[in-house]
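To start, the structure under review is shown below, and the notes come after it.
The values are calculated or read from the model by the stated rules, or taken from the named source; none is laboratory data. Remember, predicted model here, so these are calculated numbers, not experimental data. Quick reminder, even Gly has a Cβ in these numbers, built from the backbone with ideal geometry, and neighbours come from all protein chains shown.
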């Protein structure tokens, strides 16, 4: 009987010790998961990969205003322009601040296409924070251009692939380039013979076109609409599946003109490499509030943008899929191997 009681006591003590160990492990795990919350301690820099007046610059200035006025961020938010190298200058600047979530960049699909073409860093070298929206491209010419439609452009290029010059912001193979290349390829034009001039921004490319230095410039629908309102350009085609509203309502899509070319560019927020989970969580929450604000929804409508908000992990998965598709497309266009 004494042995039985002693065994029972030992067993009870062992169970208590195991319970204590388990509790300690649970508390330790909880402590590891509950990392200190992060928030900005100084001014936040939103990095534009083009010069003032370009698409990214215009978008970031809108975003900075809403982030500040809506109090989605506690510290000042400034836009910093780092043009050059098809975006590589801006991305290099971003990664000069590893692990510092005070630096964010608005990236587009050109991040993928530049890397595939061997002209820039991989998206895997940065921290995806949030996927914001998609936008379509408008193909523009001067108001006095003899080209009256997308079909006129195609027919001219079918006769001579070098007949027209194209101003592209900010690199070959990106969505602006694809906005014309896809339609020309569908029409049987050898796009490798196109005469292209690279500009640091859509604003610079448009200025060159208005000055008679290039013939055609594909730019974002929002930028094109602003120039249409001022009578500065004629829009030959849009890359959307259906017509866009407002001042672009009379512009036919490429599909309407007989060429199956739908091109959409996305805009996502990236941080430098090495961002922590609390840093990512802060910006996910900030942008989740931001995209639901009335001010941002108004900008979406005004600029012909399509809201497609995704958080960090979802953005990373999307990028993996889109990178594979972009590579296949650029290989087909002869811009990558």
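Condition test on residue 39, is it at pLDDT 50 or above, surrounded by 10 or more Cβ atoms within 10 Å (Cβ to Cβ) and not assigned by TED's automatic domain parsing to the domain that holds residue 302?
yes
Tell me yes or no: at least one residue of the range 154-162 is out of contact with any strand residue (DSSP E or B) (no Cβ under 6 Å at 6 or more places or on another chain), buried (at least 22 other Cβ atoms within 10 Å of the Cβ) and over 30 Å from residue 288 (Cα atoms).
yes
Look through the range 282-298, keep the residues that are in contact with a helix residue (DSSP H, G or I) (Cβ under 7 Å, 6 or more places away or on another chain) and within 25 Å of residue 127 (Cβ to Cβ), and return whichever of them is surrounded by the fewest Cβ atoms within 10 Å (Cβ to Cβ).
This residue is 293.
Restricting attention to the range 265-273, does a residue exist that is part of a loop (DSSP other than H, G, I, E, B), assigned by TED's automatic domain parsing to the domain that holds residue 106 and in contact (Cβ under 8 Å) with a residue 60 or more places away in the chain?
Yes, that holds for at least one residue.
Of 197, 217, 251, which residue is under 23 Å from the mean Cα position of the chain (by Cα), at pLDDT 95 or above and crowded, with 21+ Cβ neighbours inside 10 Å?
217
Determine which member of the set 222, 205 is surrounded by 20 or more Cβ atoms within 10 Å (Cβ to Cβ), touching a strand residue (DSSP E or B) at 6+ places or on another chain (Cβ under 8 Å), assigned to a helix (DSSP H, G or I) and in contact (Cβ under 8 Å) with a residue 60 or more places away in the chain.
After applying the criteria, what remains is 222.
Give the range 301-337 a look and list any residue that's in a loop (DSSP other than H, G, I, E, B) and either in contact with a strand residue (DSSP E or B) (Cβ under 8 Å, 6 or more places away or on another chain) or in contact (Cβ under 8 Å) with a residue 60 or more places away in the chain (or both), or say none.
Selection gives 303, 304, 305, 311, 333, 334, 335, 336.
A quick yes/no check of all residues on (1) over 23 Å from residue 290 (Cα atoms); (2) surrounded by 10 or more Cβ atoms within 10 Å (Cβ to Cβ); (3) at pLDDT below 65:
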residue	(1), (2), (3)
2	yes, no, yes
6	yes, yes, yes
49	no, yes, no
64	no, yes, no
83	yes, yes, no
89	yes, yes, no
95	yes, yes, no
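Regarding residue 117, is this residue within 23 Å of residue 222 (Cα to Cα) and in contact with a helix residue (DSSP H, G or I) (Cβ under 7 Å, 6 or more places away or on another chain)?
no
Are there any strands (runs of 3 or more DSSP E) wholly within the range 80-171 with 1 or more residues that are touching a residue at least 24 places away in the same chain (Cβ under 8 Å) and in the same structural domain as residue 191 (by TED's automatic domain parsing), and if so which?
By residue number, 127-141, 165-169.
Which one of the conditions (1) modelled with pLDDT of 95 or more; (2) farther than 21 Å from residue 64 by Cβ; (3) within 22 Å of the chain's Cα centre (by Cα) does residue 241 fail to meet, given that it meets all the rest?
Every condition holds for residue 241 apart from (1).
Could you please give the count of residues in the range 263-281 that are surrounded by fewer than 21 Cβ atoms within 10 Å (Cβ to Cβ) and at pLDDT 95 or above?
Looking only at that region, the number is 7.
When both residues are 6+ apart or on different chains and their Cβ atoms are under 8 Å apart, which pairs have a first residue that lies in the range 279-300 and is outside any helix (DSSP H, G or I), and a second that is surrounded by 15 or more Cβ atoms within 10 Å (Cβ to Cβ) and at pLDDT 95 or above?
293/66; 293/70; 293/72
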